[in-house]
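Data first, discussion second: the structure below is written as structure tokens.
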Amino acid sequence: MEHEHADPVREGRRRVLITGAGGQLGRALAAELGRDSDVLGLTREQWDVTFPPSPELAQARPDLVLHAAAWTDVDGAEADPQGAAAVNVGGTTHAAELGAPLVAYSSDYVFDGRKREPYVESDGPSPLSAYGRSKLNGEAAAGPEAWIVRTSWLFGATGHNFVRTMLRLGAEREEVAVVDDQRGCPTFVGHVAAATRALVDAARPRGIWHVAAAGDCTWADFAEEIFEEAGLACRVRRISTEELGRPAPRPAYGVLRSERDDAPVLPHWREGLRECLDAIGRGSP
């Protein structure tokens, strides 16, 4: 009599579905969770989350969904709030429809920045922009049983982000004008991915978690540190948000901290920057 043998590698491995897998956060999540889980990473081309999951996708039956797909164009959301909501609210609804435990990612932009001391999970949100409203409504769409990970000023070795933009401009110019009246926590996507693992592996309670780098700075401070660490001679000219003249209002203060017991503690943003620059040098996510 022949016996069926279970695959010794796949048996018991967690099945993780990641939306937005082509973006900087999605790539970091796939790298982190892929070490001991079977990851199905879906790019926008593979699943546009503004549409419900296909019957085939609904049959994937993941053990965990990490919903990293998002509309991230803050100014573009002012011109197209319905488009932003279709992704950030509708997309979250569709991710939740897969029926698996869900981690959804949100932003410091759900706050208005008037508090001037770190925001914790129990602080009431008051978004200033269409983007912020779409992220807040997306939190509600995730449902009460989701983990909501609020983070801020994300950057990584791939995709469109402040670090990569400054590296490009710093190599092209002698001076760059950067806003100096917005303060937040630049957070490396690799550290958010590790914190996500910590939340789900330890079965932390569902609900809102603030997950951001230690330390805080302005965008101008951050730019100067990028240039220094990268060995670029570019100067930073500090300007105001008003001088920059962007369409969408931004919170002047978006520092996130957690009041929850056993919340993941992230490294300082400077350490995240060094890890990011090392990853860019290696050509890895």
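When every residue of region 231-248 is checked against the conditions, at least one turns out to be touching a helix residue (DSSP H, G or I) at 6+ places or on another chain (Cβ under 8 Å), under 26 Å from V149 (Cα atoms) and not hydroxyl-bearing (S, T, Y).
Candidates V49, V65: the one that is open to solvent by less than 50 Å² (accessible area, probe 1.4 Å), in a loop (DSSP other than H, G, I, E, B) and β-branched (V, I, T) is V49. Can you tell me which residues in region 142-159 are open to solvent by 10 Å² or more (accessible area, probe 1.4 Å) and of a type in the set (S, T, N, Q)? Within region 142-159, just T158 meets the criteria. The single residue among W219, W209 that is surrounded by 15 or more Cβ atoms within 10 Å (Cβ to Cβ) and without any contact (Cβ under 8 Å) to a residue 60 or more places away in the chain turns out to be W219.
Could you check, for region 141-149, whether at least one of its residues is under 19 Å from the mean Cα position of the chain (by Cα), in a helix (DSSP H, G or I), modelled with pLDDT of 95 or more and within 18 Å of P52 (Cα to Cα)?
yes
Suppose the filter is more than 21 Å from the chain's Cα centre (by Cα) and on the phi < 0 side of the Ramachandran plot; does I208 pass it? Taking the combined requirement at face value, the residue does not satisfy it.
Test A171 against the stated conditions and say whether it is in a helix (DSSP H, G or I), at pLDDT below 95 and over 18 Å from T72 (Cβ atoms).
Considered against the rule, which asks whether it is in a helix (DSSP H, G or I), at pLDDT below 95 and over 18 Å from T72 (Cβ atoms), A171 comes out as yes.
Selection of first residues in region 267-279 that are closer than 10 Å to G190 by Cα and of second residues that are among the hydroxyl-bearing types (S, T, Y) and not in a helix (DSSP H, G or I), restricted to Cβ pairs under 8 Å at least 6 apart or on distinct chains, gives the following pairs, ordered by first then second residue: G272/T187.
Taking A233 as the residue in question, decide whether it is assigned to a loop (DSSP other than H, G, I, E, B), open to solvent by less than 40 Å² (accessible area, probe 1.4 Å), in contact with a Phe, Trp or Tyr (Cβ under 9 Å, 6 or more places away or on another chain) and of a type in the set (G, A, S). Here the answer is no, as A233 does not meet what is asked.
Residue by residue, here is whether (1) within 20 Å of V74 (Cα to Cα); (2) hydroxyl-bearing (S, T, Y); (3) open to solvent by 40 Å² or more (accessible area, probe 1.4 Å) holds:
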{"site": "A85", "(1), (2), (3)": "yes, no, no"}
{"site": "V89", "(1), (2), (3)": "yes, no, no"}
{"site": "T92", "(1), (2), (3)": "yes, yes, no"}
{"site": "A140", "(1), (2), (3)": "yes, no, yes"}
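Of all residues in region 261-284, those satisfying the criterion of being part of a loop (DSSP other than H, G, I, E, B) and crowded, with 16+ Cβ neighbours inside 10 Å are A263, P264, L266, P267. Restricting to region 241-259, and then to whatever is open to solvent by 70 Å² or more (accessible area, probe 1.4 Å) and modelled with pLDDT under 95, can you tell me which residue is farthest from V179 (Cα to Cα)? Top of the filtered list is P247.
The values are calculated or read from the model by the stated rules, or taken from the named source; none is laboratory data. Owing to the predicted nature of the structure, the values given are computational and were not obtained by experimental measurement. Here Cβ is always computed from backbone atoms with ideal geometry, including for glycine, and neighbour counts include all displayed protein chains. Each accessible area value is taken on the protein alone, full model and side chains, heavy atoms only, with ligands, DNA and RNA left out. Shrake-Rupley method; radii C 1.70, N 1.55, O 1.52, S 1.80 Å.
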